[in-house]
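Accompanying notes for the structure given below.
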Amino acid sequence: MTLLALALLLVVLIHQGCFHFHVEAGDGFIRTRGVHFLLNGSPYYANGFNAYWLMYTASDPSQRPKVSAAFREAASHGLTVARTWAFSDGGYRPLQYSPGSYNEQMFKGLDFVVAEARSYGIKLILSFANNYDSFGGKKQYVNWARSRGQYLSSDDDFFRHPVVKGYYKNHIKTVLYRYNSFTGIRYKDDPTIMAWELMNEPRCTSDPSGRTIQAWIAEMASFVKSIDRNHLLEAGLEGFYGPSTPQRNSLNPGLKIGTDFIANNRIPGLDFATVHAYPDQWFSSSNDQNQLSFLNNWLDTHIQDAQNILRKPILIAEFGKSWKYPGFSTYQRDLLFNTVYYKIYSSAKRGGAAAGGLFWQLLTEGMDNFRDGYEIILGQPSSTANVISQQAHKLYQIRKIFLRMRNVERWKRARAARARRHHWRGGNGGKRIGN
């Protein structure tokens, strides 16, 4: 689609009411209206990456240049959002030694990440906890409670037990009220942060009905919003359908994990929905064609449901293709990236709910220990890096057209206001009315 054709399409959509312009204070916080993200009143698209390692790496001052390099390379390719961990619970180099006891050196690493993202114009999505054992996860919280005399039968008691929920809420509060040692800005007041995430991929296999996760998300979303109404909030969900939409369950990749894409994301405290996409993991024995067929259907359905049922933006918060699986080729990885990006772009240009995508994962030079098969190193020229840059450019063009349209609307309002003032002055000869 040419730029002129795109501009004409957007004009038509604006007149049809698919987009609404509102003048808002330019405070830099990302907000939502309907199915769109907004930045200072104009549509915003979250085109970015995952980099879970940022805080961990930045906690060692000698390694901070790697964080700076990652942000610099991302910004030079037009990326605008990074998703990363604001947790590391117990174990080696933790953020949280034990409930309520924090490692200041690690927290300064997170401070550096937020400050450096700010300097490169990159927004952050910060996750509060992990479903998995890496960096502690829900297992660590449960073990902390057990060590203090609580009886818990399962790691899924993370979602149920009041003592564990108290530990988790305390961590949320600690992060939100943290003063950044580099910027002096409290996290809950910093527009560098786009959104909070309750947990990376929450799962509760002990309750496939979904009621446990539903109650937990509702409670924790309300808790976050009681402290911080500046920032957006999402749950960290992978997108699996559940009991509220049995007709959709056949779309799931054979996993029953106790979440429910529709019911969970209808919780009022959640501002946008997320979906993850790993057809190479979920269908490792299928060929690339079948995996792409699943991906097309998976994304189409979630974008439609976000638009028509949830009426919230949706972010494709993780996707990628690993070179560790047999038959990998860069061509197939590019095909997967292009498929995801096309779904986002085609929705965005029509005013739809798809609001961006974050690939897994970004690394920079000298990080071989972090390679997991999905890594993208933008400092090394590749066809995939070109695909990423092209998507950034296309989404930027949409935003730029909206900014122009918004300026036209402002000009029209200003002209109308001047005309009214002129008419008022002309009608009374410019004389003061009244005593």
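The values are calculated or read from the model by the stated rules, or taken from the named source; none is laboratory data. For clarity, every value in this text was computed on a predicted model and none was experimentally measured. Neighbour counts run over all protein chains shown; Cβ positions are idealised from the backbone, glycine included. Note: areas computed on protein heavy atoms with side chains; ligands, DNA, RNA excluded. Shrake-Rupley method; radii C 1.70, N 1.55, O 1.52, S 1.80 Å.
For the reader, a short list of remarks on this structure follows.
- P(r) tail fraction, the range 82-233 - alpha-carbon pairs more than 22 Å apart, %: 39 percent
- As a fraction of the 1.4 Å probe accessible area of the range 59-133, surface on carbon and sulfur atoms comes out at 51 percent.
- Computed from the C-alpha gyration tensor, the three semi-axes of the ellipsoid equivalent to the range 328-398 are 25, 12, 11 Å, from longest to shortest.
- Here's the list of lysines a cross-link from residue 108 could span, going by alpha-carbon distance under 30 Å and ignoring same-chain residues fewer than 8 apart: 66, 123, 138, 139, 165, 169, 173, 188, 225.
- Contour excess over end-to-end distance, with Cα ends at residue 393 and residue 297 and 0.36 nm allotted per residue: 32.0 nm
- Principal-axis tilt of helix 3-15 within the chain, Cα atoms, nearest 10 degrees: 80 degrees
- Neighbour cut-off at most 16 other Cβ (10 Å), DSSP loop, chymotrypsin sites (Phe, Trp or Tyr not before Pro), the range 53-151: 92, 132, 151
- Residue-level accessible surface for residue 199, protein heavy atoms, 1.4 Å, Å²: 0 Å²
- Average 1/r across all pairs of distinct alpha carbons in the range 225-307, invert it, and you get the Kirkwood radius: 13.9 Å.
- Residue-averaged [θ]222 nm for the chain, counting only DSSP H segments that reach four residues, each worth -39500 (n - 2.57): -13500 deg cm²/dmol
- Taking the C-alpha atoms only, the angle from helix 162-176 to the longest principal axis of the chain is near 50 degrees.
- The P(r) of the range 19-127 has a tail past 21 Å containing 44 percent of all C-alpha pairs.
- Of all DSSP beta bridges in the chain, antiparallel share, percent nearest 5: 25 percent
- Measuring nothing but how far apart in sequence close Cα pairs (under 8 Å, 6+ apart) lie, relative to its length, the chain scores a relative contact order of 17 percent.
- The Cα center of the range 36-68 and the Cα center of the range 72-92 differ in position by 4 Å.
- When 250, 62, 389, 68 are compared by accessible area at a 1.4 angstrom probe, the order from most to least is 250, 62, 389, 68.
- Its Cα gyration tensor gives the range 213-363 an equivalent ellipsoid, and the semi-axes of that ellipsoid, as √(5λ) in whole Å with the largest first, are 27, 17, 15.
- Within the accessible area of the range 333-403 (1.4 Å probe), percent carbon and sulfur: 49 percent
- Residue-normalised accessible area of the chain, given per residue in Å² at a 1.4 Å probe: 42 Å²
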